[in-house]
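K.L.:
Sharing a structure with you now.
Here, each number is a calculation from the coordinates, and none is a lab measurement. Since the model is a prediction, treat every value here as computed from it, not as a measurement. Cβ sites come from the backbone with ideal geometry, for glycine too, and all protein chains shown count toward neighbours.
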Amino acid sequence: MKLVTFTHNHETRVGAVINDVVVDSKGNAEIHSTMLAFLTQGEVALKAMQRLIDSEEARINLSEVKLNAPVPNPQKYLALSLNYADHIAETGRERPKYPSFFTKQSSCIIGYGDAIHRPKVSDKLDYEGELAFVIGKRCHHVPVERAHQVIAGYTIANDVSVRDWQMHSATMMIGKSFDTAGPIGPWIVTSDEIKDPHNLSIKTWVDTELRQNGNTRQMITNCYEMVAYLSQAMTLEPGDIISTGTPSGVGVKMQPRGYLKPGQTVRIEIEGIGELTNVVIDEPETLPWLSI
Ligand code: MG
């Protein structure tokens, strides 16, 4: 099942995508309108959505809706750095002793087709194509062998990074959390449809140039080990997003540097999930979400 958060006629709710239509949950008393509530409901919500899919009713053409980030407002958005050996090699850094997580503020999240802003304060804007997974069950102290049971599904993330600001502090947090630095989507592919999350090709293009070409089998810490590690420290909640690191080929390590410029399009493709596409623009004088 491909779960989406979408807007149609100024209303935002949860649906499922099948080919080029959205199965619309509008008016369905069994399906909550937000992805956080939907995921919290768990199996009950998934079964209700499956019934709606099977009914062959409530369809809207995909071209008529705006796809938002599937989870626009997670409680946590964590990302792992230095998790592909070839990326560690290109950075010239040591392989970390422990998984090196950092926080992306959830306010940076945008959806499929939304614009990534090149900030006024930096032209060192970079992409990182990544597999991300979404937690589906509140959990704590999850053993590796049961971690798959708490993952609702998988999506694509662009861990957009403002490289000079990233280096301002050891936490990297601000350089990873600029407004629009969190494209996610276009949907969550539920876990039952991803047979092995650790054998998926992952590619990133900037316009027509293939910049990253990896496979999730190259991850050092895999998704299940991430769940086990994190959940020893913190309760994971439905909707929490964990982005799993990027393979080699980031712009900052190209010669000359391949930083993102206004007018360029970043497209990340992950096998079995789909494509996440975003254009780059200069940070506007007036941010669209500010009323003053
Ligand atoms: Mg990253």
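K.L.:
Can you find, within region 106-128, the residue that is farthest from the ligand (Cβ to nearest atom) among those that are assigned to a loop (DSSP other than H, G, I, E, B) and touching a helix residue (DSSP H, G or I) at 6+ places or on another chain (Cβ under 6 Å)?
P.N.:
122
K.L.:
Is it true that some residue in region 52-75 is of a type in the set (Ser, Thr, Tyr) and away from the ligand (no atom under 16 Å from the Cβ)? Show your work before the answer.
P.N.:
Let us first name the residues in region 52-75 that are of a type in the set (Ser, Thr, Tyr), namely 55, 63.
This time we only want the ones that are away from the ligand (no atom under 16 Å from the Cβ), so: 55, 63.
Checking region 52-75: at least one residue is of a type in the set (Ser, Thr, Tyr) and away from the ligand (no atom under 16 Å from the Cβ).
K.L.:
Here's another thing I want to ask about it. Given the conditions (1) buried (at least 22 other Cβ atoms within 10 Å of the Cβ); (2) assigned to a helix (DSSP H, G or I); (3) not charged (D, E, K, R), report the number of the one that residue 224 does not fulfil.
P.N.:
Checking residue 224 against (1) buried (at least 22 other Cβ atoms within 10 Å of the Cβ); (2) assigned to a helix (DSSP H, G or I); (3) not charged (D, E, K, R), the one that fails is (1).
K.L.:
For residue 40, work out the one condition from (1) assigned to a helix (DSSP H, G or I); (2) within 20 Å of residue 227 (Cα to Cα); (3) within 16 Å of the ligand (Cβ to nearest atom) it doesn't fulfil.
P.N.:
(3)
K.L.:
Hey, among 31, 53, which residue is buried (at least 18 other Cβ atoms within 10 Å of the Cβ) and either within 25 Å of residue 227 (Cβ to Cβ) or out of contact with any His (no Cβ under 9 Å at 6 or more places or on another chain) (or both)?
P.N.:
Details: 53 fails: buried (at least 18 other Cβ atoms within 10 Å of the Cβ).
Step by step, each of 31, 53 is checked, and only 31 is buried (at least 18 other Cβ atoms within 10 Å of the Cβ) and either within 25 Å of residue 227 (Cβ to Cβ) or out of contact with any His (no Cβ under 9 Å at 6 or more places or on another chain) (or both).
K.L.:
Starting from residues that are in a loop (DSSP other than H, G, I, E, B) and more than 16 Å from the ligand (Cβ to nearest atom), keep the ones in region 235-253 and report whichever is surrounded by the fewest Cβ atoms within 10 Å (Cβ to Cβ). Explain how you work it out, then say what you get.
P.N.:
As a first pass, look at region 235-253 and keep what is in a loop (DSSP other than H, G, I, E, B): 235, 237-240, 244-250.
Add one more test, that the residue is more than 16 Å from the ligand (Cβ to nearest atom), and what stays is 235, 237-240.
Values: 235: 14, 237: 17, 238: 23, 239: 26, 240: 26.
Residue satisfying both the conditions and the ranking: 235.
Each row is one residue, and each column tells you yes or no for (1) within 18 Å of residue 108 (Cβ to Cβ); (2) more than 16 Å from the ligand (Cβ to nearest atom); (3) not in a loop (DSSP other than H, G, I, E, B).
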site: 134; (1), (2), (3): yes, yes, yes
site: 142; (1), (2), (3): no, yes, no
site: 153; (1), (2), (3): no, yes, yes
site: 156; (1), (2), (3): yes, no, yes
site: 172; (1), (2), (3): yes, no, no
site: 178; (1), (2), (3): yes, no, no
site: 187; (1), (2), (3): no, yes, yes
